[in-house]
1. List Glu116, Glu226, Glu364 from most exposed to least, where exposure is judged by having the fewest other Cβ atoms within 10 Å.
2. Placing unit charges on C-beta atoms (Lys and Arg positive, Asp and Glu negative, everything else neutral), compute the dipole magnitude of the chain about its Cα centre in debye, rounded to 20.
3. Name the residue from Tyr68, Tyr6, Cys52 whose Cα lies farthest towards the positive end of the charge dipole of the chain, charges +1 on Cβ of Lys and Arg and -1 on Cβ of Asp and Glu.
4. Given H placed on each backbone N at 1.01 Å, which residues far from Gln290 in sequence or on other chains put an amide H within less than 5 Å of it?
5. Let me check against my output: what whole-number percent is the relative contact order of the chain, with C-alpha pairs under 8 Å and at least 6 apart?
6. Length gain on complete extension for the stretch Glu268 to Arg192, per 0.36 nm per residue less the alpha carbon to alpha carbon distance?
7. Just how large is the dipole of the range 238-389 about the Cα centre, in debye to the nearest 20, putting +1 at every Lys and Arg Cβ and -1 at every Asp and Glu Cβ?
8. Quote the relative contact order of the range 292-376 in percent (integer), defining contacts as alpha-carbon pairs under 8 Å separated by 6+ residues.
Amino acid sequence: MTKPQYGDYQFDIYFDGLDGVVPRWPVDFATLEQKAASVLPWWVHSYVAGGCGDEGTQRANVSAFARYGITPRMLNGAYERDLSVDLFGMRLAGPVFLAPIGVIGLCSQDFHGDIEAAKASARSGVPMVASTLTQDPMETVAPHAGDTPGMFQLYTPTDRDLAASFVERAERAGYRAIVVTLDTWTTGWRPRDLNTGNFPQLRGHVLANYFSDPVFLKRLAKPPHEDLRAATREWIKIWGNSLQWADLAWLRSLTSLPLVLKGICHPEDVRRAKDHGIDGIYCSNHGGRQANGGLPALDALPSVVEAAGDLPVLFDSGVRSGSDVAKALALGATAVGIGRPYAYALAAGGADALVSQLRSILAELDLLMAIDGFPTLPALRAADVHRVG
Ligand code: FNR
């Protein structure tokens, strides 16, 4: 009896097909994206789908994957695959995670998408990186992830006491690592949203962690439900801190949890992060939402991995399928983040649709490893991966 493999999902689908049952949710990204566009409120869709400038970097992130190819190996005994991975002391069933998405709370139809995502995390074993920007406070979200560990993403506020409070709350709520996002201390130039004056946070959305925090509430003359505009004005004043290397010692002093820096694309920044005792690197250009005109994040990955040495490297930006995940792993990533596709799955059908999407991504990855002869992730990481053209 062989142990269950992610790729078995395809036979669940084909056997259902014998009874005339087809998957309730699309298994591919393109169909899912269309479905999400038809159900999301326009302003949520604009915020999720949009990026910086003419969105060139955003598109390049996606098309970069087509420029890499993995050379298969045969007679390699890949009948059974092991996709498990150790990350910051967590044993994960697979090498993917849910990237932090600040409006995920608005993506499910009940506007409690953070909770839906956590439920999907519990059911799939895929960990969630919970954003600072949520519809429900982190303490409410965390238990829904069950036994699947989660990480907390910090947008470091300029108010250091508030930053300390967020980190302490995250630690108490059971999150297992702090992911500090470096590329978003202010918002990038996003024409789709600028043309419609669309910035959900200023309408009071996704600020639950702030509105439930005693340090933030002390800054207000009246509670947010009595004067929302004043509360959001206060929020915009403090939310983004343009951190410097010297601030890392202070961040480090806040917690004994592993600290991960998100938004690193240059090997020199990796080396400096290592010198500052950082526990993990997160290579990402924020899906092209922050700065346009940059290279695809995937092109930065090999030199980031090389500079990181033994440090784990998380990666996201442009990942749309299991074969994209495989390419990022073959280029050296330790674990790969699913961004927009996860927002679209939640929009299409909440936790059920997200579980189905994660199963699809993991099935495609697993079958690629099976067919191309990579029984384990170390084998895939040692694969010949070539840039086409
Ligand atoms: C993001 N991202 C993000 N990152 C982060 O560190 N904190 C956050 O709150 C958010 N919020 C957010 C909202 C939306 C709508 C999107 C699409 C993205 C960036 C995210 O973690 C990841 O880097 C990108 O989503 C990767 O790009 P793709 O693969 O989604 O195109």
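Bear in mind that the values in this text are calculations on the coordinates, not laboratory data. A quick note: this is a predicted structure, and the numbers were derived from the prediction, not measured. Methodologically, a virtual Cβ is constructed for each residue, glycine included, from the backbone with ideal geometry; neighbour enumeration extends over all protein chains shown.
1. Values: Glu116 26, Glu226 10, Glu364 22.
Fewest to most other Cβ atoms nearby, the residues stand as Glu226, Glu364, Glu116.
2. Numbers: 35 positive and 42 negative charges, 135 e Å.
Computed charge dipole of the chain: roughly 640 debye.
3. Cys52
4. HN-HN under 5 Å from Gln290: Cys52.
5. Details: 769 pairs, mean separation 111.4, N = 389.
Once normalised by length, the contact order is 29 percent.
6. Details: separation 76, 0.36 × 76 = 27.36 nm, distance 3.34 nm.
Going from the current span to full extension adds 24.0 nm.
7. Numbers: 12 positive and 15 negative charges, 53 e Å.
Once rounded to the nearest 20, the dipole reads 260 debye.
8. On the way: 75 pairs, mean separation 23.1, N = 85.
Worked out over the range 292-376, it gives 27 percent.
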